[in-house]
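These notes concern the structure reproduced below.
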Amino acid sequence: MPINPTRSRIRDRNDPINRPEFMSLNQPLRNSNEPRGTLRRPGSLKRQSSQQQQQQQPQNVQQEPLENNTEDRRESVKLPEEDCIQLNPSFKGIAMNSLLAIDICMSKRLGVCAYSHSSWGSVRSMVNLLAITGHGIPWIVGTIICLTRSNTMAGQEVLVNLLLALLLDVMTVAGMQKLVKRKGPWEMTPGLFDYIAMDIYSFPAAHASRAAMVSKFLLSHLVLAVPLRILLVLWAFLAGMSRILLGRHHLTDVGFGFALGYLHFNLVEMVWLPSNTCQTLISIGKLTWIPL
């Protein structure tokens, strides 16, 4: 039976699916990258997926070196441990860090003779000469020369004990400096005398320790007038402070050096060598002692 075309048209018009608002339901899904009016085929879907994977691979390869570069930058920007802030620090840690900060700040401000172009650079040579008077090498060499020229047993006894005190001071300070390894407030290379006397680091101050020990030793075993005693104490103080002015030591280094020198003096007084022992040591040094 033939179909009337007019009836089929009327039927299509009455069908709700053929309305304009429902036309998208009859069409397949389209990719956003595809132009309108084109339908996707199975082969084209496979090609597009392979192309997307190939495009994503170089992007991932580019992201990996970028991430590595950012990690390297973060590692290079890492601050040293002393510059990092600790979370929830204790009261003791805060107090110690504050005192150290004050010590470093004041020591740098007092280093007015650290360089020739400093504020007091014109008197740097005089301050350096004052610091040399507290060095260990001149004191040890001078004590040995005086010991060889001394003729009295009392004088030799004092000089031998002074020599032992100087050697004790040099060895103790050098050991503590090697253990602590604290640097001075200003970056300076040690001199020749510093390397010989093993006075390389800052804590404790060797010149301050030696000046305090020698001044206390001479005040206890020599009969001196009052002006000379005052000058001796003033020399010990200025010899220690000269190292701060030269930028070699901190204030705490010099203060601990004075205390250490006084401790060395008390230790030498406790183990004081008598005259007979000193004469034996002198004869051994002169290679004239013959054992029985």
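The values are calculated or read from the model by the stated rules, or taken from the named source; none is laboratory data. What you see is a predicted model; the values in this text were computed from it and never measured. Glycine also receives a Cβ, built like all others from the backbone with ideal geometry; neighbour counts cover every protein chain displayed. These accessible areas exclude ligands, DNA and RNA; they are computed on the full protein's heavy atoms, side chains included. Shrake-Rupley method; radii C 1.70, N 1.55, O 1.52, S 1.80 Å.
Can you name every residue in region 116-132 that is within 28 Å of Val170 (Cβ to Cβ), touching a residue at least 24 places away in the same chain (Cβ under 8 Å) and open to solvent by 60 Å² or more (accessible area, probe 1.4 Å)?
Correct list: Arg124, Asn128, Ile132.
Considering every residue within region 265-285, establish whether at least one is among the charged types (D, E, K, R), within 17 Å of Asp199 (Cα to Cα) and either exposed (fewer than 15 other Cβ atoms within 10 Å of the Cβ) or in contact with an Asp or Glu (Cβ under 8 Å, 6 or more places away or on another chain) (or both). Please lay out each step first, then the result.
The initial filter retains those residues of region 265-285 that are among the charged types (D, E, K, R), namely 269.
Remaining after also requiring within 17 Å of Asp199 (Cα to Cα): none.
No, the conditions are met nowhere in region 265-285.
May I ask you to list the residues in region 156-214 that are open to solvent by 60 Å² or more (accessible area, probe 1.4 Å) and assigned to a helix (DSSP H, G or I)? Outline the logic, then answer.
Taking region 156-214 as the starting set, the residues that turn out to be open to solvent by 60 Å² or more (accessible area, probe 1.4 Å) are 164, 167, 171, 178-181, 183, 186-187, 189, 192-193, 195-196, 198, 200-201.
Correct list: Leu164, Leu167, Met171, Lys178, Leu179, Val180, Leu192, Phe193, Tyr195, Ile196.
For Lys216, state whether it is of a type in the set (D, E, K, R) and under 20 Å from Leu110 (Cβ atoms).
Details: of a type in the set (D, E, K, R): yes; under 20 Å from Leu110 (Cβ atoms): no.
Taking the combined requirement at face value, the residue does not satisfy it.
Which condition number does Phe256 fail, the rest of (1) open to solvent by less than 50 Å² (accessible area, probe 1.4 Å); (2) of a type in the set (Phe, Trp, Tyr); (3) touching a Pro at 6+ places or on another chain (Cβ under 9 Å) being met?
All conditions are met except number (1).
With the requirement that a residue be open to solvent by less than 40 Å² (accessible area, probe 1.4 Å) and part of a helix (DSSP H, G or I), what does region 96-115 give you?
Listed by number, the residues that qualify are Asp103, Ser107.
Given the criteria in a helix (DSSP H, G or I) and over 29 Å from the mean Cα position of the chain (by Cα), does Arg243 qualify?
Working: in a helix (DSSP H, G or I): yes; over 29 Å from the mean Cα position of the chain (by Cα): no.
No, not satisfied.
What residue, of Phe237, Phe217, is open to solvent by 50 Å² or more (accessible area, probe 1.4 Å) and either modelled with pLDDT of 90 or more or in contact with a helix residue (DSSP H, G or I) (Cβ under 9 Å, 6 or more places away or on another chain) (or both)? Lay out the reasoning, then the answer.
Details: Phe217 fails: open to solvent by 50 Å² or more (accessible area, probe 1.4 Å).
Testing whether each residue is open to solvent by 50 Å² or more (accessible area, probe 1.4 Å) and either modelled with pLDDT of 90 or more or in contact with a helix residue (DSSP H, G or I) (Cβ under 9 Å, 6 or more places away or on another chain) (or both) leaves just Phe237.
Does any residue of region 75-95 turn out to be modelled with pLDDT of 85 or more, open to solvent by 90 Å² or more (accessible area, probe 1.4 Å) and either of a type in the set (D, E, K, R) or closer than 22 Å to Ser209 by Cα (or both)?
Filtering region 75-95 for residues modelled with pLDDT of 85 or more gives none.
Scanning region 75-95, I find no residue that is modelled with pLDDT of 85 or more, open to solvent by 90 Å² or more (accessible area, probe 1.4 Å) and either of a type in the set (D, E, K, R) or closer than 22 Å to Ser209 by Cα (or both), so the answer is no.
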